[in-house]
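What follows is a short report on a single structure.
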Amino acid sequence: MARKDMRGSRITSIAFHVPDRLVTNYDLERMIDTSDEWIVQRTGIKQRHWVEGDVGASELALPASIEALEKAGLKASDLDMIIFATLSPDITFPGSACILQAKLGCPGIAALDISNQCTGFIYSLSVADQFIRTGSMNRILVVGAEVHSSGLDISNKGRDVTVLFGDGAGAVLIEATEGDSRIIDTRLHADGRYLDILKIVAPASKLNPRVTHEMLDKGLQYPYMEGRAVFKQAIARLPQVINEILDANGYSVSDVDLLVPHQANLRINEMVIGIMGIPRSKMVSNIDRYGNTTAASIPIALCEAVEDGRLKSGDLVLLAAFGAGLTWGAGLVRW
Ligand code: COA
């Protein structure tokens, strides 16, 4: 139950941004050996947004962050920290949080990068919540942003992965509260034994040199995925963590007003709600329009749910994500 009168944190503002270029499944049919039918049947994806030219994750994050700040009537200088979740940082280092901080013009505040793939937003939300609960900080900007398209193998060899991913960014402002509307709890998990089923191998510090022409010719710079193994893990881990967070806080599935899951695959999410007994009408799904935007998918879906009126003040919202690492987690929010 919500811990009333105790210091906690609350999502006070939310915004998202996707690049203008729309890539439909029919566009992909012209690039690789695939079909709209194959992609829709297996994933639910109909289109995704891809950047054009040289655009980094922070450039997608910037408009979302500015809008989130404006909606809250705040300036970047009011922030105590930026947390940036991404698996596609602008450059290897420094992290995209520092890059975004420079673009927002708020020197001096903390800037933290989180690399937890599709669970990156939940990990970031949890970190922000802990910093605020302890009283150490009051206002944190949490961003999930990805540019996948420049790192995809747009050839028949990479078609299983390439059709899945889209570019985009979501930003939320987390502020201290003592009221009922708050992040009730977050639960985080990982199992590194499965790290090989979804990964990018090069460039890498464990390779010397980190990247060679030969590695590039082999396509080691592109994501490698054992799709069926990932699928099986996702439909086991997501129900586990959903049960864990509901049980720990004295709620049952019927108390949940809205489930906002990570958007990796509509079939995964439909199986999860089937296992959990959550009605389809309570699940937000926008994967048909954006594909898998990894750390950005939950804030984008959450923002759309707020904008279209599905998410109302006082609702109990369940967030759940699963991704490479493996990592998985959940968040329970009284909106
Ligand atoms: N278009 C057309 N055919 C494709 C294709 C594409 N884009 N990608 C693969 N295929 C082919 C395969 O080559 C294979 O052909 P074959 O039977 O002649 O060998 C066939 O389709 C089936 O491939 P398979 O990989 O077994 O398909 P699948 O039913 O497991 O579906 C995924 C593939 C990727 C959609 C599915 O495994 C999945 O969604 N996994 C989870 C992925 C995920 O969520 N990743 C992110 C985690 S955060």
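The values are calculated or read from the model by the stated rules, or taken from the named source; none is laboratory data. Bear in mind that the values here come from a model prediction, so they are computed numbers and not experimental data. Every residue, glycine as well, gets a Cβ built from its backbone with ideal geometry; the counts of neighbours run over all protein chains shown. Just the protein is used for accessible areas: all its heavy atoms, side chains included, with ligands, DNA and RNA removed. Shrake-Rupley method; radii C 1.70, N 1.55, O 1.52, S 1.80 Å.
Determine the equivalent ellipsoid of the chain by diagonalising the alpha-carbon gyration tensor, then write out the semi-axes as square roots of 5 times the eigenvalues, largest first, rounded to whole Å.
Working: eigenvalues 181, 114, 67 Å².
Computed over the chain, the values are 30, 24, 18 Å.
Summed over qualifying helices (DSSP H, 4 residues or more, each -39500 (n - 2.57)) and divided by its residue number, the chain shows a 222 nm mean residue ellipticity of -9500 deg cm²/dmol.
Quick one: net charge around VAL201, please, counting Lys, Arg +1 and Asp, Glu -1 for every other residue with C-beta under 12 Å from its C-beta. Within the 12 Å Cβ shell, the charges total +3. 3J(HN,Hα) along the stretch 294-304, derived from phi through the Karplus expression 6.51 cos²θ - 1.76 cosθ + 1.60 where θ = phi - 60°, amounts to 6, 5, 8, 5, 5, x, 5, 5, 4, 4, 5 Hz, with x in place of Gly and Pro. At a probe radius of 1.4 angstrom, the accessible area of the stretch 248-333 per residue rounds to 29 square angstrom.
Mind checking the full-extension length gain between ASN156 and ALA190? Use 0.36 nm per residue of separation minus the Cα-Cα distance, one decimal, nm. Walk me through the intermediate numbers first.
Values: separation 34, 0.36 × 34 = 12.24 nm, distance 3.14 nm.
9.1 nm is the gain from fully extending ASN156 to ALA190.
Could you compute the FRET efficiency for ASP20 and SER281, with r as their C-beta to C-beta distance and R0 at 35 Å, rounded to 0.05?
It comes to 0.65.
In order along the stretch 244-259, phi translates into HN-Hα couplings of 4, 6, 5, 4, 5, 10, x, 10, 10, 4, 5, 6, 6, 8, 8, 9 Hz, rounded to whole numbers, per the Karplus curve 6.51 cos²θ - 1.76 cosθ + 1.60 with θ = phi - 60° and x for Gly and Pro. The label-point distance for ARG210 and ALA236, in a model that sets each label 7 Å from Cα toward Cβ, rounds to 3.4 nm.
Over the stretch 8-178, what is the relative contact order in whole percent, taking alpha-carbon pairs under 8 Å and six or more residues apart? Before the final figure, lay out each step's value.
Values: 356 pairs, mean separation 61.2, N = 171.
Result for the stretch 8-178 is 36 percent.
Around ALA295, with a cut-off of 13 angstrom between Cβ atoms, what is the net charge of the other residues, counting Lys and Arg +1 and Asp and Glu -1? Don't skip to the end; give the middle numbers.
Numbers: positive: none; negative: ASP113, GLU146, ASP167.
It works out to a net charge of -3.
Can you pick out the pairs among LYS46/LYS232; LYS206/LYS232; LYS46/LYS157; LYS103/LYS157; LYS46/LYS206; LYS75/LYS312 whose Cα atoms lie more than 31 Å from each other? All intermediate terms of the calculation are to be shown ahead of the outcome.
Values: LYS46/LYS232 23 Å; LYS206/LYS232 29 Å; LYS46/LYS157 21 Å; LYS103/LYS157 37 Å; LYS46/LYS206 38 Å; LYS75/LYS312 26 Å.
Table pairs above 31 Å Cα-Cα are LYS103/LYS157; LYS46/LYS206.
As a calculated quantity, the FRET efficiency between ASP33 and GLN221 at R0 = 25 Å, using C-beta atoms, amounts to about 0.70.
Between ALA229 and ILE200, the distance separating the two model label sites (each 7 Å from Cα on the Cα→Cβ line) works out to 2.0 nm.
With 0.36 nm allotted per residue and the present C-alpha distance subtracted, the LYS312-MET6 stretch has 107.9 nm of extension available.
With contacts taken as Cα pairs under 8 Å at a separation of at least 6 residues, the chain carries a relative contact order of 26 percent.
Run the accessible area of the stretch 1-158 with a 1.4 Å probe and give the carbon-and-sulfur part as a rounded percent. Show your work: numbers first, answer last.
On the way: 3590 of 7050 Å².
The value for the stretch 1-158 is 51 percent carbon and sulfur by accessible area.
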